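Colleague: I am attaching a structure below and will ask some questions about it afterwards.
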Amino acid sequence: MHRRFSYHRHTPLHLTTMAEHDQDTTKRLVILAIDDAWRRFRASFNELRSEDAEEPGACGEWSVNQILWHIGAWERLLMTALETPDDGYDYPEPDADTFNAEAISTMVDASPREVIERLDSTHRRLRDALANTPASHFEQDHPRRRLIDEWSFLHYEEHAAQIRAWRAEHLSSSPR
């Protein structure tokens, strides 16, 4: 379910060519990109009815609710990576398929409202963690930067596109 991106191919140009910016400016620009992608991600599912959000097929067999749960799991993992002491090494990444399966298995009987409330709460905590993360972690050559990009705005963009495509197909073909 979790497709690997070619990192630099999908990173917005203004985020790959920031060598002329100081670290604080780079951090601010990355957080702005995260906020912008988050707004587009939220917009992709904001108008869905609860029953639509529970329909499978938005991403493989996953429903929109499962995608949201999955995004929250990766955001929590990113917070853990950001809180891990920076000893100059890359944070160990889990096997994506195993991590995704384990994350979805914890969803149990969460209602669409509970899923969104948990996602929003997780995202607020991630924003706080990002604000408290050293500016050096946002530099292109820092090991945490790739995780920040891949587990936040690139991830939001990937799944927002899937949800929009599913919505366009599903909602046009289902009786309302």
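The values are calculated or read from the model by the stated rules, or taken from the named source; none is laboratory data. Since we're looking at a predicted model, the values are computed, not measured. Cβ sites come from the backbone with ideal geometry, for glycine too, and all protein chains shown count toward neighbours.
Colleague: Return only the number of the condition from (1) modelled with pLDDT of 95 or more; (2) polar (S, T, N, Q); (3) under 26 Å from residue 30 (Cβ atoms); (4) surrounded by fewer than 13 Cβ atoms within 10 Å (Cβ to Cβ) that residue 84 does not satisfy.
Modeller: (1)
Colleague: List the pairs whose first member sits in segment 43-64 and is without any contact (Cβ under 8 Å) to a residue 60 or more places away in the chain, whose second member is part of a strand (DSSP E or B) and surrounded by 20 or more Cβ atoms within 10 Å (Cβ to Cβ), and whose Cβ atoms are under 6 Å apart, counting only residues at least 6 apart or on separate chains?
Modeller: Partner pairs satisfying both residue conditions: 54/63; 56/63.
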